[in-house]
1. Pairs under 8 Å by beta carbon, first residue closer than 15 Å to Lys93 by Cα in segment 210-230, partner assigned to a helix (DSSP H, G or I) and among the acidic types (Asp, Glu), six or more apart or different chains?
2. Of the residues in segment 207-238, how many are assigned to a loop (DSSP other than H, G, I, E, B) and of a type in the set (Ser, Thr, Tyr)?
3. So in segment 186-206, with the set limited to residues that are modelled with pLDDT of 95 or more and among the acidic types (Asp, Glu), which one is farthest from Asp75 (Cα to Cα)?
4. What is the number of the single condition among (1) among the aliphatic types (A, V, I, L, M); (2) under 25 Å from Arg258 (Cβ atoms); (3) in contact (Cβ under 8 Å) with a residue 40 or more places away in the chain that Ile99 does not meet?
5. Tell me whether segment 165-182 contains one or more residues that are at pLDDT 95 or above, in contact with an Asp or Glu (Cβ under 7 Å, 6 or more places away or on another chain) and of a type outside the set (D, E, K, R).
Amino acid sequence: MSGVLERLGACAGERKVHHELGQRCSLYQVRVALRDLRAERRVRTQRLRESLCSHLRVMARATIWSLDGTHLGRDAWCTAVVGEMVRDVASTKTLGASIGPPPSSEEVVVLLQRVVDESGERPLVVSADNGGENLDALVTWCRKQGVILLRNLPRTPQHNPWVEHGHGELKAHTGLGKGVIVPDPGELPDLLRRALDRIDGAIPRSSLEWQTARQAHRSLPCAEALVDRASFLHEVHCAIALAVQDCESWREKRLAEREAILQVLERYALVTRTRGRPPHHGDKPDGVS
């Protein structure tokens, strides 16, 4: 069987494999054997992916805030409904959220500033993607606030997995998502609040030593109490300048910037990085690759 698959390719259909084998086994036996072989291949592929993944553990709140929006459906006029979330990576707590039409860059900044004003804390780093809502106004806000912007590669959601995980939980607890029609958008803020009360306030997480996200957020130290922001910013800017000087492409430059930022966070003992399967595989709130 394995020799036939090597010749035909792993995606060969059961009838083609059965024909190549002649009368040596039945079509049913081929079907069962292919199912088992492909299940084994999926397990090997998953293990390889896990061995190559880099997992990030953040030691203090307000070290990294993870920012992104997700499509939650459409209203009766076919306007997209988007949930924009700000999540603390260390505690997984959702610090702020908005729900409504696709936000502008200025509206994203309003959400971030509201979180800063309400919490009295600023992050050292904001992780965000390359969407239009995350362009000029966000770059300007980060520069004025003394915050480092950690940018994804395009179409690489695994570079910002923390808020992506939050999006999945939000959709599971609200029933919102692609293809959903929202009859009354005015009910969405209350639906969002109730869902976050469950996600952050009622669900204990093994990755947080069985605390809820809100409990963990209260118990964690604040990053700015552990490091001097000005020194951190200076070191990050120097590290980025050194890292990108020999880069030949935009992609190389973006990856070098990301690595420089993460290395400085490691030197300040604000994060640890490991490769392979995460220690709390069920929750997977922490991760970056």
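1. If the second residue must be assigned to a helix (DSSP H, G or I) and among the acidic types (Asp, Glu), the pairs left are Thr212/Asp200; Ala213/Asp200; Arg214/Asp200.
2. Going residue by residue through segment 207-238, those that are assigned to a loop (DSSP other than H, G, I, E, B) are 209-210, 212, 220-221, 227-228.
Subsequent filtering for residues that are of a type in the set (Ser, Thr, Tyr) retains 212.
Number of matching residues: 1.
3. Step by step, filter segment 186-206, then rank; the result is Asp200.
4. Ile99 satisfies every listed condition except (2).
5. No, segment 165-182 contains no residue that is at pLDDT 95 or above, in contact with an Asp or Glu (Cβ under 7 Å, 6 or more places away or on another chain) and of a type outside the set (D, E, K, R).
Per-residue answers, yes or no, for (1) in the same structural domain as Val82 (by TED's automatic domain parsing); (2) touching a helix residue (DSSP H, G or I) at 6+ places or on another chain (Cβ under 8 Å); (3) of a type in the set (D, E, K, R):
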| site | (1), (2), (3) |
| --- | --- |
| Pro189 | yes, no, no |
| Ile199 | yes, yes, no |
| Arg218 | yes, no, yes |
| Ser231 | no, no, no |
| Val236 | no, yes, no |
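The values are calculated or read from the model by the stated rules, or taken from the named source; none is laboratory data. In this text the structure is predicted, and so the values were computed from the model without any measurement. As a convention, Cβ positions derive from the backbone with ideal geometry for all residues, glycine included, and neighbour counts pool all protein chains shown.
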